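Trainee: For reference, the structure I am asking about is given below.
The values are calculated or read from the model by the stated rules, or taken from the named source; none is laboratory data. These figures come from a predicted structure and were not determined experimentally. Because the Cβ atoms are built from the backbone with ideal geometry, glycine has one as well, and the counts that use them run over all protein chains shown. Surface areas here come from the heavy atoms of the whole protein model, side chains and all, with no ligands, DNA or RNA. Shrake-Rupley method; radii C 1.70, N 1.55, O 1.52, S 1.80 Å.
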Amino acid sequence: AGTLGAAVIGLVMGQLAIRRQGIYFTMITLALAQMLFFVFLQAPFTGGEDGMQGVPRGKLLGMVDLSSDMTLYYVVLAIVVAGFALIVRTVHSPFGQVMKAIKENEPRAISLGYDVDKYKLLAFVLSAALSGLAGATKTVVLGFETLTDVHWSMSGLVVLMTLVGGLGTLAGPLVGAIIIIALENKLGDLGNWLATLTNVEWFRTIGESVTIVTGFIFIICVLAFR
């Protein structure tokens, strides 16, 4: 249901966003994302600022009991593998090749008779559906959902993961996600280790400055990477 809901939202937003390109496309998607954030902030079914608490794991398709962490781990692993396989298949399909052509030279793709807007919209919907699947999976794992995941900063974090891992690659975003999440979870431990090693107490505060560190990484990626 989360995947389908996200796909529908992606379809509606995509219809508006693909009318523009470049920075204008970015600004429109950002504005729409903020509108959605305030809708969820006010909606009665989201719990507002408190979010959705105590989400039950239940049973997958009424058969697989997800109360066991180990069972849930393998279910999530299967979802990740299936999602990645879908992306790989999409990229190497005729649809994916047309998307590459649009990225490289949109006017030429149009001159060859391709309905560019249709392909862009399909890509938008597919991206939204996968995001919805990721969010729904995360909610089942943690047992709660907050407004953090619909804030614009989450979009920025996903872009950062992609930049760090490598744009235009399949495995890059996975590697980038591992690096960024590891930083968020282990930066405090790293700071304590550095403080012990160097006797510089300032390092112990690094764990409280995750946003600054990730922002610094983002700047390096933009300035130094291809």
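Trainee: Any lysines with Cα under 18 Å of the residue 118 Cα? List them, leaving off those in the same chain fewer than 8 positions away.
Mentor: 100, 103
Trainee: Could I ask something else about it? Calculate the length of the line joining the C-alpha centroid of the stretch 182-226 to that of the stretch 1-32, in whole Å.
Mentor: 33 Å
Trainee: What accessible area, in Å² to the nearest ten, does a 1.4 Å probe give for residue 52?
Mentor: Surface open to solvent at residue 52 totals about 90 Å².
Trainee: With the radius of gyration and the Kirkwood radius both derived from the Cα set of the stretch 6-102, what is their ratio Rg to Rh?
Mentor: 1.08
Trainee: Put 87, 206 in order of accessible area, largest first, 1.4 Å probe: what do you get?
Mentor: Putting 87, 206 in descending order of accessible area: 87, 206.
Trainee: Might you report the magnitude of the Cβ-based charge dipole of the chain about its Cα centre, with Lys and Arg at +1 and Asp and Glu at -1, to the nearest 20 debye?
Mentor: The dipole magnitude comes to about 780 debye.
Trainee: Calculate one ³J(HN,Hα) per residue across the stretch 22-27 by plugging θ = phi - 60° into the Karplus curve 6.51 cos²θ - 1.76 cosθ + 1.60, and present them in order as whole Hz with x for glycine and proline.
Mentor: Whole-Hz 3J(HN,Hα) from phi for the stretch 22-27: x, 5, 5, 4, 4, 5.
Trainee: Could you work out the helix-only [θ] at 222 nm for the chain, with each DSSP H run of four or more residues adding -39,500 (n - 2.57) and the total divided by the number of residues, to the nearest 500 deg cm²/dmol? Intermediate results must be reported in sequence, preceding the final value.
Mentor: Details: 9 runs with 160 residues, N = 226.
Per the formula, -24000 deg cm²/dmol.
Trainee: Give the carbon-plus-sulfur fraction of the accessible surface of the stretch 1-79 in %, rounded to a whole number; probe 1.4 Å, heavy atoms of protein chains only.
Mentor: The value for the stretch 1-79 is 69 percent carbon and sulfur by accessible area.
Trainee: Would you mind getting the accessible area per residue of the chain, heavy atoms of the protein chains only, 1.4 Å probe, in Å²?
Mentor: Per residue, the chain has 66 Å² of solvent-accessible surface.
Trainee: Strictly greater than 15 Å: what percent of every Cα pair in the stretch 151-225 meets that?
Mentor: On the way: 1616 of 2775 pairs.
The proportion of pairs with Cα distances above 15 Å equals 58 percent.
Trainee: Now for a different question. Just read off the accessible area of residue 73 with the full protein assembly in place, 1.4 Å probe, to the nearest 10 Å².
Mentor: Accessible surface of residue 73 is approximately 130 Å².
Trainee: Over the stretch 184-226, with every protein chain in place, what whole percent of the accessible area is carbon and sulfur at 1.4 Å, could you tell me? Before the final figure, lay out the partial values.
Mentor: Numbers: 2210 of 3410 Å².
Here carbon and sulfur together make up 65 percent of the probe-accessible area.
Trainee: At 1.4 Å probe size, with no ligands or nucleic acids counted, give the accessible surface of residue 161 in Å², nearest ten.
Mentor: 30 Å²
Trainee: How do 149, 189 stack up against each other in accessible area, from largest to smallest, with a 1.4 angstrom probe?
Mentor: 189, 149
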